[in-house]
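The values are calculated or read from the model by the stated rules, or taken from the named source; none is laboratory data. Not measured: the values here are computed from a predicted model. Cβ placement follows ideal geometry from the backbone for every residue including glycine, while neighbour counts extend to all protein chains displayed.
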Amino acid sequence: MGLAMISKGLVGPIVPIGTLIVYSLVSRDWALWKRLYVVRGTLIFAIVAMPWFMLAQRANPEFIHYFFVVQQFERYLTPAQHRPGPIYYFVPVLLIGFLPWLSVCCQSVRQALRTPRQTNGFATATMLLVWSAFTFVFFSVSHSKLIPYTLPISPALALMIGAYLPNVTVLQWRRHLLGHLVLLAVAAYGAHFLTRMSDAKNPEELYNECLLWIYAALAACFVFTLVALWANQCLRSVPASIVVFALGWFAFGMHRRQRPRSVRPPQLRCAAGASDQGRTRDAATRHTFLLGQRSRPCTAILYRPYHDHGPAH
């Protein structure tokens, strides 16, 4: 948690501590706190985190205010960071993120709930479900939302799914793979209509340049799924099929897309001596908070073309 505090701020300790508190209330496992090294853990947490914050504050007097007030409380409690989203923002994110395993999610949760408690009273399934639910709710009510905020949920769901997969039969896994082949075919057909989502902000040219890479990723995933189906049917090896299937979706998610060339003029320039001709400037000064380096102002110049009479972006 000390390293999490340094890298992500208060979210680092809030998520695990909040999960433990809610778990204790739900499962009535109060003995959990006796098994935890609370005092030693707190000391280690302070030893890891505090020196960095003290040195950073010493080098940059504005660091504590910027890091905690602006980047933590204002980001979470107010829309100051301009990253809004509805309360259900992370629902489609999770559905798409766990798309390869959606067909086994319900069975995984059901099996986890049937798992008996450990001899010391610890309920593994309850902990994993509370971990997922608490993290989801915590970020859903935030005023600042980004897709990577769902990453802390992934390990808990992955552990439940991983515990269930060894129990999947050849027939069940075959149905799973056939369903995904149909899904990929439908996705390839539907990708053709992406250009209809274009607007002034995201012109059609951007979608057209991405379509090639979308089709390439879908094709790679389709091939891997076919190989997984072959391994399942011919080799009668569900584990080998699962590995091939997972590699295919990994290739789908991690494919490198060519950056589309910009079809719009840049809206942000950061320069020391940019020309004033034909531009309206709004300057804001920010400070870098690099440890051991004194704050140096960087002037961000927002401009609009001379023919644009609307507000600067």
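For region 56-81, taking the residues that are among the hydroxyl-bearing types (Ser, Thr, Tyr) and assigned to a helix (DSSP H, G or I), the one that is nearest to VAL141 (Cα to Cα) is identified as TYR76. The residues on offer are SER144, SER154, and the sole one that is closer than 30 Å to TYR76 by Cβ, of a type in the set (Gly, Ala, Ser) and surrounded by 15 or more Cβ atoms within 10 Å (Cβ to Cβ) is SER144.
Screening PHE73, PHE67, PHE45 for residues that are free of Cβ contacts under 8 Å to residues at least 12 places away in the same chain and either within 26 Å of LYS145 (Cβ to Cβ) or in the same structural domain as VAL141 (by TED's automatic domain parsing) (or both) leaves exactly one candidate, PHE73.
Taken over region 29-56, the criterion of being farther than 30 Å from ALA125 by Cβ, under 29 Å from the mean Cα position of the chain (by Cα) and surrounded by 11 or more Cβ atoms within 10 Å (Cβ to Cβ) is satisfied by ALA46, VAL48, ALA49, MET50, PRO51, TRP52, PHE53, ALA56. Selection within region 157-188: residues that are among the small types (Gly, Ala, Ser) and under 30 Å from VAL15 (Cβ atoms). The member of this set that is surrounded by the fewest Cβ atoms within 10 Å (Cβ to Cβ) is GLY162.
Count of region 212-239 residues, restricted to those that are under 27 Å from the mean Cα position of the chain (by Cα), more than 15 Å from TRP249 (Cβ to Cβ) and loosely packed, with under 14 Cβ neighbours inside 10 Å, is 1. Across region 135-171, the number of residues qualifying as under 22 Å from ALA80 (Cα atoms) and outside any helix (DSSP H, G or I) comes to 6.
Counting only residues that are in contact (Cβ under 8 Å) with a residue 40 or more places away in the chain and either under 13 Å from PRO155 (Cα atoms) or surrounded by 18 or more Cβ atoms within 10 Å (Cβ to Cβ) (or both), region 110-132 holds 6 of them.
When ALA156 is tested against (1) touching a helix residue (DSSP H, G or I) at 6+ places or on another chain (Cβ under 8 Å); (2) more than 15 Å from LEU99 (Cβ to Cβ); (3) not assigned by TED's automatic domain parsing to the domain that holds VAL93, only condition (3) is not met.
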